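> Sharing a structure with you now.
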């Protein structure tokens, strides 16, 4: 059964903690992204972590290895269970992130999630940044790299779940870009939660369909009961 993490893509720490407190009994964890990390700041991770659910810091780290190692260490110290790192940063950077996060977590469970190709990209968009070939091929290359460098998992779209399973079967598979009606809005490679679960996603990351709902708890309940969602 797939775990459900709510993406707390809101502006304030107060709103993030309010939503997390409301939803904590009903979901498996939370994602804290750049809007919160660069607004209220990383301390919001610790505040949400006190609710007893894992927090995934979607920092998408991408810098020289030394800088990434230090940043990952800080995120580990404040309680991040998972930290995202851009796999395209290369082997040395991924390894530095893994080491820094482990040091910061000081024995608590913590792992790197390697971001493969953002769900806002398609094959044509990849070409504009100098990557030849399809999204699937790029995800395959980066998933192999992530596995070789000790990442705990990868972030990919639902469309590449089979690719990751084939080339790196031991990696945790995390899928963002999920929409109840599969309308893409600002993302190009989207899917429904039911499809993600059916195709083997380990963690479903869902934000707007829950956080912008009139009744977020009811929205979670409806997602749980979607056909083929477990």
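The values are calculated or read from the model by the stated rules, or taken from the named source; none is laboratory data. Model, not experiment: these values are computed from the prediction. Here Cβ is always computed from backbone atoms with ideal geometry, including for glycine, and neighbour counts include all displayed protein chains.
> How many residues does the stretch 90-101 contain that are buried (at least 18 other Cβ atoms within 10 Å of the Cβ) and either closer than 17 Å to residue 171 by Cβ or in contact (Cβ under 8 Å) with a residue 40 or more places away in the chain (or both)?
5
> For the stretch 185-198, check the following and say yes or no: at least one residue is under 30 Å from residue 77 (Cβ atoms) and assigned to a loop (DSSP other than H, G, I, E, B).
No, every residue in the stretch 185-198 fails to be under 30 Å from residue 77 (Cβ atoms) and assigned to a loop (DSSP other than H, G, I, E, B).
> Just give me the residues in the stretch 101-123 being more than 16 Å from residue 143 (Cβ to Cβ) and not in a helix (DSSP H, G or I), in sequence order.
The answer is 106, 107, 108, 109, 110, 120, 122.
> Report whether or not residue 98 is in contact with a helix residue (DSSP H, G or I) (Cβ under 8 Å, 6 or more places away or on another chain), assigned to a helix (DSSP H, G or I) and under 14 Å from residue 153 (Cα atoms).
Criteria met by residue 98.
> Is at least one residue of the stretch 137-152 buried (at least 17 other Cβ atoms within 10 Å of the Cβ), at positive phi and assigned to a loop (DSSP other than H, G, I, E, B)?
no
> Right, here's the next one. Pick out the one residue from 126, 118, 94 that is modelled with pLDDT under 95 and under 27 Å from residue 49 (Cα atoms).
Going through 126, 118, 94 in turn, just one is modelled with pLDDT under 95 and under 27 Å from residue 49 (Cα atoms): 118.
> In addition: Only one of 85, 158, 112 is crowded, with 24+ Cβ neighbours inside 10 Å and more than 15 Å from residue 62 (Cβ to Cβ). Can you tell me which?
So the residue among 85, 158, 112 that is crowded, with 24+ Cβ neighbours inside 10 Å and more than 15 Å from residue 62 (Cβ to Cβ) is 158.
> For the stretch 84-95, enumerate the residues that are within 23 Å of residue 205 (Cβ to Cβ) and in contact with a helix residue (DSSP H, G or I) (Cβ under 6 Å, 6 or more places away or on another chain).
85, 87, 93
> Considering 16, 71, which residue is out of contact with any strand residue (DSSP E or B) (no Cβ under 6 Å at 6 or more places or on another chain) and buried (at least 16 other Cβ atoms within 10 Å of the Cβ)?
16 is the lone residue from the list that is out of contact with any strand residue (DSSP E or B) (no Cβ under 6 Å at 6 or more places or on another chain) and buried (at least 16 other Cβ atoms within 10 Å of the Cβ).
> From 178, 172, which residue is within 18 Å of residue 56 (Cα to Cα), surrounded by 19 or more Cβ atoms within 10 Å (Cβ to Cβ) and touching a strand residue (DSSP E or B) at 6+ places or on another chain (Cβ under 6 Å)?
178
> What's the number of the only condition in (1) touching a residue at least 40 places away in the same chain (Cβ under 8 Å); (2) outside any helix (DSSP H, G or I); (3) under 16 Å from the mean Cα position of the chain (by Cα) that residue 72 fails to meet?
Going through (1) touching a residue at least 40 places away in the same chain (Cβ under 8 Å); (2) outside any helix (DSSP H, G or I); (3) under 16 Å from the mean Cα position of the chain (by Cα) one by one, residue 72 breaks only (2).
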